[in-house]
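What follows is calculated from the coordinates using simple rules that are stated; it is not laboratory data. No experiment lies behind these values; they were computed from the predicted model shown. We place every Cβ from the backbone using ideal geometry, glycine too, and count neighbours over all the protein chains shown.
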């Protein structure tokens with residue numbers, strides 16, 4: 001996969017339904033793999049849709065393209081109290097990724113690693129050297145994937161839907 005042809009752009013509020021369809025596609029695929037990760041995106045409750053809408057309103061969502069073809073998306077935050085708690089910014093400057101999805105027809109092209117690398121490059125250029133994300137603890141395949149991408153498990157947090165592993169990568 002040639003990363004020179006891959007780019008991302010900030011999502012627009014009128015693209016909210018596109019994001020929800022990507023999340024549902026990923027949730028159905030995960031369900032077929034017998035994991036509960038993201039199962040709520042099949043028929044998302046109002047609070048989950050509101051969480052996504054908030055991300056769009058805050059300009060935190062990005063769509064990733066190869067030429068004009070949509071490959072996937074991610075949400076990039078600079079504070080994440082919900083999962084990581086309160087952290088004093090000047091001592092703990094970090095960025096957080098959520099909702100990283102890849103359209104299933106592009107699976108197996110190592111796009112996940114490429115997306116993560118592109119985000120890391122963006123963060124370094126912004127002077128941010130801690131990259132964080134989370135994963136459902138029971139999704140062992142995804143946990144191992146993040147560890148293979150250089151992330152270290154640094155904690156756990158109990159959310160209403162599941163126990164989440166917290167991962168960090170120093171850039």
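Need one word for the stretch 33-87: rounded, prolate or oblate. Basis is the Cα gyration tensor (sqrt eigenvalues a ≥ b ≥ c); a/c below 1.5 gives rounded, then a/b vs b/c decides. All intermediate terms of the calculation are to be shown ahead of the outcome.
Details: a/c = 1.69, a/b = 1.12, b/c = 1.51.
Oblate shape, in that a/c is at least 1.5 and b/c is the bigger or equal ratio.
What shape does the stretch 3-133 take by its C-alpha gyration tensor, where a ≥ b ≥ c are the square roots of the eigenvalues and a/c under 1.5 counts as rounded, a/b above b/c as prolate, and the rest as oblate? Walk me through the numbers before you get to the answer.
On the way: a/c = 1.58, a/b = 1.17, b/c = 1.35.
Oblate shape, in that a/c is at least 1.5 and b/c is the bigger or equal ratio.
How much mean residue ellipticity at 222 nm does the chain get from its helices, if each DSSP H run of length 4 or more adds -39500 (n - 2.57) and you divide by all residues, to the nearest 500 deg cm²/dmol? Walk me through the numbers before you get to the answer.
Values: 5 runs with 57 residues, N = 171.
Helix-only estimate at 222 nm: -10000 deg cm²/dmol.
Between residue 93 and residue 15, what length comes free when the chain is fully extended (0.36 nm per residue of separation minus the Cα-Cα distance, one decimal in nm)? Each step should come with its number before you reach the end.
Working: separation 78, 0.36 × 78 = 28.08 nm, distance 2.92 nm.
Stretched out fully, the residue 93 to residue 15 stretch lengthens by 25.2 nm.
Mean-square fluctuation check for the chain, GNM, Cα pairs under 10 Å: which of 84, 51, 38 is largest?
51
Which of 9, 66 comes first, and how do the rest follow, when ranked by fewest Cβ neighbours within 10 Å? Walk me through the intermediate numbers first.
Numbers: 9 9, 66 18.
Going from sparsest to densest Cβ surroundings: 9, 66.
Run the numbers on the stretch 1-146 and let me know its relative contact order in percent, using alpha-carbon pairs under 8 Å that are six or more apart. Intermediate values should be presented prior to the final figure.
Numbers: 176 pairs, mean separation 34.9, N = 146.
Dividing the mean separation by the residue count of the stretch 1-146 yields 24 percent.
Which length gain, in nm to one decimal place, applies between residue 43 and residue 149 when the Cα-Cα distance is subtracted from 0.36 nm times their residue separation?
Numbers: separation 106, 0.36 × 106 = 38.16 nm, distance 3.05 nm.
Extending this stretch completely gives an extra 35.1 nm.
Treat each spin label as a single point 7 Å out from the Cα along the C-beta direction, and report the residue 106 to residue 57 distance in nm.
The two pseudo-label positions are separated by 2.9 nm.
Using the count of nearby Cβ atoms within 10 Å as a rough guide to exposure, how do 101, 152 rank from fewest to most?
Details: 101 24, 152 11.
Ranking 101, 152 by Cβ neighbours within 10 Å, fewest first, gives 152, 101.
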